[in-house]
């Protein structure tokens, strides 16, 4: 699995690609999420567009680090769920992670939510 | 031809008749050298009618004629007055006392010559290391020959790579048990010493857990009188521990009898590596035995047959891609006649998944008998498993409660690929995901129950992802629709036939490589009136 980080205003997109399995992939994913928490990046889009396979162990760590990110005050959505990712997403992650067809759409919605969140905090 | 050798400050002369003569530390060498840097089979001297040539045998530290490296399989002539060097041991022909080489004596060597020498030494070292690694890898990887043991094979490996007179492995499978001879090799099998080895050095290794090497040649203190060292005429011995963490479960021992060089650093490294390979392979063998036992237990924990349900027929089968797996299924009939069914798939594979599957299966049995629908069972599974499993582990389940009297079926699908309800007329509907797999996420919401009816002739097919995720090369997969299509096409056939035809479809798709995931299929059909 490979991860490319793309910061867009308040939102960070993690572009995931390759086969997501257990073992080292979990550490890669953990490192990326921890980095966002350290950087106080609270709005995250997981782009699954390049993922060729999502194994059960990967589902486990996505759920685990979703929980960690949310506990740290973050919000996570997903984008470009299709192909071999569609079924595991629907079976395991749909109730946790909202999905958008495109990354831009996911970023726009997250930006709006981030803006509202910031306004609410200021008020 | 007279060859003089300077070793350890002493010069000795050896007369070699015409022919080929082995040089090295081996006891079979005509020109036997003691220095640890000299290889067991270091070089060959070819003595002719007044001529001499030398051929290196792939020694670690090389052979040189006037500091020119001698290549393996390329004999080099030795002109009169030239200085031969086997590793650091020098030799020369004729009667003079010592080679005259002011440069070497003062330590100001010719850098060009030296660089050539080191280049060749590296190459020879590389060749030897490659052969040794290949041999070691075979020892570790290949099955132990019938009638032998990994310890015996380890002893033979040591024999092949270290100049020894005897090798002995003394080990035990369990900590605290007396050691037994599990591997042995002797250059002289009929030697009257039998299998007696130095007790002192073995005891030291067992006591300290560290490598021990003793040698009269190196001037080590004499072993205690009680030791068999002198009686056995051992001139040097070495032993390394065979670990089974955290314990020392044995000793790998070598010795040299009579006279001979001490064991060098290279020898000890090789001994240690061999002992580690032996211990790891032994652990693998024991683990394999444990895995077989676990597989038998897991197989017994699955129901041999589902309880008979009047008016229904059923078929269940689990095929594991490894010895043990994380799939399971079970069926409980409540006192009121309702039937509770579970099909589960633990995340991950292997022994860990099998252990979780066993626990989840027992948990299901303990909660399924009580009143309540599948959502309640799902909740109880989640609450129990989420506190016990490691983060990231979860159990995908399909749960159903069937009232056989009227065919009403209440289901929760929490992570299994959509089970298929195939109507008697061939129409079909999938049971969507209505809950999260137990233990996947701490704040797991309650699952939603789906209610439907099994009419006469209707078939419920529940399967795990080993079917639709069956893959040839990690890229092409069979796919959910292919599984559904097969089941739908065959839904009118006898249940065993439906299973066999689906299994055949998967086997045909994946080919000889076989499946890479467990496959479980449970079929439940309401009989036609």
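Listed here are the residues, each with its yes/no results for (1) crowded, with 20+ Cβ neighbours inside 10 Å; (2) within 26 Å of residue B:438 (Cα to Cα).
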site	(1), (2)
A:71	no, yes
A:81	yes, yes
A:88	yes, yes
A:97	no, yes
A:102	no, no
A:109	no, no
A:112	no, no
A:115	no, no
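One residue stands out among those in the stretch B:316-328 that are surrounded by 24 or more Cβ atoms within 10 Å (Cβ to Cβ) and assigned to a strand (DSSP E or B): the one that is farthest from the other protein chains (Cβ to nearest Cβ), which is B:328. Has the stretch B:466-481 got at least one residue that is within 13 Å of chain A (Cβ to nearest Cβ), out of contact with any strand residue (DSSP E or B) (no Cβ under 8 Å at 6 or more places or on another chain), assigned to a helix (DSSP H, G or I) and touching a residue at least 24 places away in the same chain (Cβ under 8 Å)? Checked against the condition, which is being within 13 Å of chain A (Cβ to nearest Cβ), out of contact with any strand residue (DSSP E or B) (no Cβ under 8 Å at 6 or more places or on another chain), assigned to a helix (DSSP H, G or I) and touching a residue at least 24 places away in the same chain (Cβ under 8 Å), the stretch B:466-481 yields at least one hit.
Every condition in (1) surrounded by 22 or more Cβ atoms within 10 Å (Cβ to Cβ); (2) within 14 Å of chain A (Cβ to nearest Cβ); (3) under 27 Å from residue B:479 (Cβ atoms) holds for residue B:356 except the one numbered (3). Applying the criterion of at least 1 residues that are farther than 25 Å from residue B:393 by Cα to the strands (runs of 3 or more DSSP E) found wholly in the stretch A:27-123 leaves A:43-54, A:98-100. When you scan the stretch A:26-45, do you find a residue that is more than 27 Å from residue B:435 (Cβ to Cβ), free of Cβ contacts under 8 Å to residues at least 24 places away in the same chain and within 14 Å of another protein chain (Cβ to nearest Cβ), even just one? Yes - at least one qualifying residue is present in the stretch A:26-45. Considering the stretch B:77-92 alone, what residues qualify as being at pLDDT below 85, surrounded by 12 or more Cβ atoms within 10 Å (Cβ to Cβ) and under 13 Å from residue B:2 (Cα atoms)? Hit for the stretch B:77-92 is B:81, nothing else. Kindly provide the set of residues from the stretch A:91-106 that are in contact with a strand residue (DSSP E or B) (Cβ under 9 Å, 6 or more places away or on another chain), free of Cβ contacts under 8 Å to residues at least 24 places away in the same chain and facing another protein chain (nearest Cβ under 9 Å), ordered by number. Answer for the stretch A:91-106, where residues must be in contact with a strand residue (DSSP E or B) (Cβ under 9 Å, 6 or more places away or on another chain), free of Cβ contacts under 8 Å to residues at least 24 places away in the same chain and facing another protein chain (nearest Cβ under 9 Å): just A:91. Is it the case that some residue within the stretch B:487-500 is within 14 Å of another protein chain (Cβ to nearest Cβ), assigned to a helix (DSSP H, G or I) and closer than 30 Å to residue B:372 by Cβ? No, the stretch B:487-500 contains no residue that is within 14 Å of another protein chain (Cβ to nearest Cβ), assigned to a helix (DSSP H, G or I) and closer than 30 Å to residue B:372 by Cβ. Given the criterion more than 8 Å from chain B (Cβ to nearest Cβ), within 19 Å of residue B:477 (Cβ to Cβ) and either modelled with pLDDT of 95 or more or over 11 Å from the mean Cα position of the chain (by Cα) (or both), identify the matching residue among A:83, A:73. Step by step, each of A:83, A:73 is checked, and only A:83 is more than 8 Å from chain B (Cβ to nearest Cβ), within 19 Å of residue B:477 (Cβ to Cβ) and either modelled with pLDDT of 95 or more or over 11 Å from the mean Cα position of the chain (by Cα) (or both). What do you reckon, is residue A:54 under 27 Å from residue B:516 (Cα atoms) and within 14 Å of another protein chain (Cβ to nearest Cβ)? Judged against the criteria, residue A:54 is a match.
Annotation: of all residues in the stretch B:454-469 being crowded, with 24+ Cβ neighbours inside 10 Å and touching a helix residue (DSSP H, G or I) at 6+ places or on another chain (Cβ under 6 Å), the one that is farthest from residue B:408 (Cα to Cα) is B:467. Does residue B:312 count as closer than 12 Å to residue B:519 by Cβ, more than 14 Å from chain A (Cβ to nearest Cβ) and at pLDDT 90 or above? No: the conditions fail for residue B:312.
The values are calculated or read from the model by the stated rules, or taken from the named source; none is laboratory data. Note that the structure is predicted; figures quoted are calculated from it, not measured. Cβ coordinates were reconstructed from backbone atoms using ideal geometry, including for glycine residues, and neighbour counts include every protein chain displayed.
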